[in-house]
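A quick write-up on the structure given underneath.
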Amino acid sequence: MTLRILLLLCLLTPSAYAGRVDTGDPRLDAIFRILTGNHFADKAEALAKLAASPHPKRYELLEGVLSGRLRVLKKSGRLVWATKKGHKYLATDVLSGEPLGEFKRRKLKKIAINNRLRRVIRGILATRDLDSGDPARRLKSVQALLANPSPAQATLLAPRLEKETDPAVREAMQLVLALGRLASDAPRVRLQAIAMVGDSLQPVARQALVRLAASDPDPRVKQAAQDALGKIEDRVKLFAQIETLFFGLSLGSVLVLAAIGLAITFGVMGVINMAHGELIMLGAYTTYLIQRLLPETTGLALLLAIPAAFMVSGVVGIAIERGVIRFLYGRPLETLLATFGISLILQQTARTLISPQNVPVANPGFMSGSWQVNPVLSLTYNRMYIILFCLLVFAGLFLVLKRTRLGLQVRAVSQNRAMARAMGVHSARVDALTFGLGSGIAGIAGVALSQLTNVGPNLGQAYIVDSFMVVVFGGVGNLWGTLIGGLGLGVANKFLEPWAGAVMAKILILVFVILFIQKRPRGLFPQKGRAAEG
Amino acid sequence: MAVFRILQGDRGSQVFLLALTVTLIVVPVLATLPADHALHLSGYSLTLLGKYLTYALLAVAVDLVWGYLGILSLGHAAFFALGGYAMGMYLMRQIGDRGVYGNPDLPDFMVFLNWHELPWFWHGFDQFWFAMLMVMLVPGLLAFVFGWFAFRSRVTGVYLSIITQALTYALMLAFFRNEMGFGGNNGLTDFKEILGFSLQSDATRLGLFIASGVALGVGYLACRGIVESRLGKVVVAIRDAEDRTRFTGYRVEHFKLAIFTFSAVLAGIAGALYVPQVGIINPSEFQPLNSIEVVVWVAIGGRATLYGAVLGALGVNYAKTWFTAVLPEAWLFALGGLFVLVTLFLPRGVAGWMHRVNTR
């Protein structure tokens with residue numbers, strides 16, 4: 001017992017370690033003697049000295065101090081990397097890389113640091129890339145300086161600014177320097193600094209300007225700061241608008257994806273398919289099932305789900321067309337009822353076979369994260385992919401309708417069925433394939449939606465009214481109308497949201513479309529010619 | 001007599017009205033029998049029957065616009081729900097200070113939302129006559145404004161169906177908002193009494209049942225009267241050949257507007273009778289699905305017969321009650337299957353099928 005207490009005392013007493021460091025470099029020895037000691041106040045200075053020294057391994061040493069891997073061998077005073085191996089530590093000489101064998105823990109002196117020192121080291125490490133050959137790394141390290149403003153930065157950056165060639169890095173460096181000068185005592189320097197800060201969007205710059213604008217003793221400086229702030233606010237507003245536009249486009253893309261299959265079945269064929277939403281739902285469930293089969297590779301599963309969902313929804317669509325709809329051509333209202341019945345059956349099938357609850361669908365890695373355009377504008381990848389995907393699907397469908405034989409036949413049948421048949425088009429087959437195509441596109445939309453919303457039996461119902469609105473708004477029988485209509489409604493919705501609230505924005509859009517239909521009953525881009533009559 | 005003239009030559013309507021009259025006499029007798037009697041009708045069954053009757057009235061309203069005018073309205077449940085809300089507001093005001101919060105001036109949900117005074121549109125609803133006026137006026141006015149825009153710009157067919165659906169969808173979203181002042185998500189409920197009679201008592205239930213039956217009978221006769229009149233002839237002409245009717249010199253949109261508005265008022269009355277019997281009204285009544293279900297009742301019963309609509313409403317709702325009790329999983333399968341089978345094999349509904357069997 002007494003022995004233990006003695007040992008504990010030994011550990012706690014400052015004199016427990018003699019402070020012997022022997023690296024062969026007297027300057028390094030001096031620094032590490034302080035670092036292994038117990039005077040934390042001196043340690044920060046020692047760390048700065050280490051960073052400023054020309055030693056080639058200085059950053060590695062600093063990292064070692066931060067991580068605790070760097071130790072001092074008590075016996076010889078050499079700096080070693082300590083790697084835990086069982087109960088002992090494997091020591092390797094830091095400078096020569098020579099393995100020194102295994103040591104017990106108490107033979108190795110650890111370098112004690114506290115949180116303040118950790119911040120200091122991180123600050124130093126952040127600037128290590130200031131001289132990197134890669135402009136992106138230089139920019140990153142300058143931006144790290146921005147996060148921890150300190151007066152020492154000027155001495156660090158001023159000489160480098162002269163040599164810097166990359167405009168983005170220069171701009172960042174100037175901002176850091178300007179921020180330092182904002183604290184100057186001379187009003188003239190502060191004015192200059194404000195001009196240098198200019199219309200930067202960095203939050204630190206704004207904070208500094210807000211301080212000056214509120215409480216600078218010099219009225220000229222105050223005014224300049226207020227003007228600069230005004231300019232910044234304008235830019236922030238502009239980028240906020242761009243962000244809203246982006247949100248709107250992504251919402252619009254979802255609408256277009258959901259509606260574009262309907263634009264085929266409703267627009268081109270004149271069939272009102274109330275089960276369209278459930279075909280979307282089938283696509284989303286296909287994604288879920290494929291992910292269940294390939295749990296390890298969500299990205300691959302998602303890519304595979306696109307053709308699979310097309311097939312599943314397409315086949316179900318063809319079955320619906322052959323089984324029910326073909327008996328009801330020319331009776332649109334009856335078609336509406338029958339397909340609504342089918343939608344109920346499909347919903348209940350999903351409930352019975354899979355689950356009445358929502359099922360989880362994973363997002364692959366490349367869908368998460370965002371692109372930071374500038375400090376106030378970041379665009380999330382999943383929204384960007386949706387916009388891109390929507391455009392791709394649209395382009396694909398457009399090409400199919402305009403460039404393939406099937407597309408030609410589809411257009412012929414939709415314009416004049418009797419004439420097309422007289423020219424030898426097998427209209428029944430074309431009907432089935434067209435319906436299958438529209439349904440398949442709905443399935444693809446389901447894959448996209450599975451990445452954005454909950455996948456459950458009610459998924460389809462949530463989109464059916466919106467889809468019809470888009471098609472009717474854009475103009476039946478016109479793919480461009482669907483694209484413009486969908487994107488337009490999405491953007492309008494997002495711009496209304498901050499002003500009216502999410503639900504009210506949706507209601508306003510619905511009311512707008514209802515009124516719009518009164519004004520232009522055939523939509524934004526009405527179909528011309530005799531096909532439009534009837 | 002006018003009633004006989006209206007019903008002349010329409011066997012289905014004669015049978016239906018006879019059956020309704022018999023029901024309105026027999027059911028009260030059965031309901032007043034002692035509770036241990038074998039033929040006693042419980043309060044629950046009575047309310048259920050009353051509910052079916054209001055559905056039937058709604059179906060008749062839909063059949064008038066769909067069967068005779070050719071407008072497939074996918075938003076009639078909105079008129080039904082609006083009538084229901086008007087009635088619900090009256091019933092809410094009748095609660096007085098017996099709510100959970102005991103506030104004599106404000107309904108519970110307003111106290112809960114920290115409102116301090118009654119919104120302007122709630123004023124007057126403590127008067128029964130005013131509420132009844134609103135039951136007809138609100139749905140009628142909405143239908144009038146909506147129809148005035150839609151028919152004047154000649155929105156027809158599928159387009160009209162879809163915007164009626166958008167209308168009810170927009171209303172649903174709006175009523176879900178607490179700020180609207182209609183109880184938001186929970187709607188209006190916890191009603192106590194109507195005109196001083198407790199809603200829990202069997203006598204009041206019987207009264208509401210009889211009121212529903214009478215409303216159905218009167219509404220039915222009114223529709224039948226319209227259909228038999230010269231107005232009805234024009235209406236059918238519009239359904240079958242709108243352009244020809246217009247070129248013959250009729251102002252088609254005026255006829256459409258009149259019938260559409262009348263039908264909305266009928267739906268509103270049905271909703272007003274529905275609410276005190278089920279004891280709640282909430283925004284889910286505006287669901288697009290509900291409107292489509294009504295259309296299916298009419299389609300199954302048989303369009304353009306009126307009595308077919310009643311038949312469909314009663315039949316489908318009885319099936320629904322039975323299925324949700326015995327096989328809840330299978331109800332949507334059955335309903336969905338009915339949609340498909342009826343449109344494919346019974347385009348004129350059960351009524352049309354019976355007619356064909358009879359005339360063969």
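Read the figures in this text as sums done on the coordinates, not as results from a lab. Not measured: the values here are computed from a predicted model. Backbone-built Cβ (ideal geometry, glycine too); neighbour counts: all protein chains shown.
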Review point. Between B:V22 and A:T352, what is the label-to-label distance in nm when each label sits 7 Å out along the Cα-to-Cβ direction?
Key: 3.7
Point to revise | Span from the segment A:398-427 Cα centroid across to the segment A:361-379 one, whole angstrom | key: 43
**Study point:** Dipole moment magnitude, nearest 20 debye, the protein assembly as shown about Cα centre, only Lys, Arg, Asp, Glu C-beta charged
**Key:** 2960
Point to revise | Separation of alpha-carbon centers, segment A:293-355 and segment A:480-531, rounded to whole Å | key: 27
Check your understanding: In the structure shown, do any of A:K84/A:K109; A:K43/A:K109; A:K57/A:K84; A:K163/A:K222; A:K88/A:K109; A:K163/A:K237 have a Cα-Cα gap over 25 Å, and if so which?
Key -> A:K163/A:K222; A:K163/A:K237
Exercise for review: Using a 10 angstrom cutoff on alpha carbons, build the Gaussian network for chain B and name the most mobile of B:I281, B:I25, B:I300.
Suggested key: B:I25
Point to revise | Axial C-alpha extent at least 18 Å, average Kyte-Doolittle at least 0.0 - helices from chain B (DSSP) | key: B:11-32, B:43-63, B:76-95, B:128-152, B:157-176, B:202-228, B:252-278, B:288-301, B:307-326, B:331-345
Point to revise | Summed residue charge, Cβ within 15 Å of A:A442's Cβ, Lys/Arg positive, Asp/Glu negative | key: -3
Point to revise | Value of relative contact order over chain A, rounded to a whole percent, pairs C-alpha under 8 Å and six or more apart | key: 15
Review point. What are the lysines whose alpha-carbon lies under 23 Å from the alpha-carbon of B:K192, with same-chain residues fewer than 8 places away excluded?
Key: B:K51
Check your understanding: Label-point separation (nm) for A:D134 and B:W120, each offset 7 Å from Cα along Cα-to-Cβ?
Key -> 6.6
Practice item. Considering Cα pairs under 8 angstrom that are at least six residues apart, work out the relative contact order of segment A:132-217 and quote it in whole percent. Key: 25
**Study point:** Neighbour net charge for B:A170 - beta-carbon separation under 13 angstrom, K R +1, D E -1
**Key:** +1
Exercise for review: Calculate for chain B the 222 nm mean residue ellipticity that helices alone would give, adding -39,500 (n - 2.57) per DSSP H run of length 4 or more and normalising by residue count, nearest 500 deg cm²/dmol.
Suggested key: -23500 deg cm²/dmol
Review point. Taking the alpha-carbon centroid of each part, what is the distance from segment A:45-65 to segment B:34-103 in angstrom?
Key: 82
Check your understanding: Hey, can you list the DSSP H helices of chain A whose Cα span along the axis is 24 Å or longer and whose average Kyte-Doolittle score is at least 1.0?
Key -> A:298-323, A:381-403, A:427-450, A:502-519
Practice item. For every other residue with a beta carbon closer than 14 angstrom to the beta carbon of A:I345, add +1 if it is Lys or Arg and -1 if Asp or Glu, then tell me the sum. Key: -1
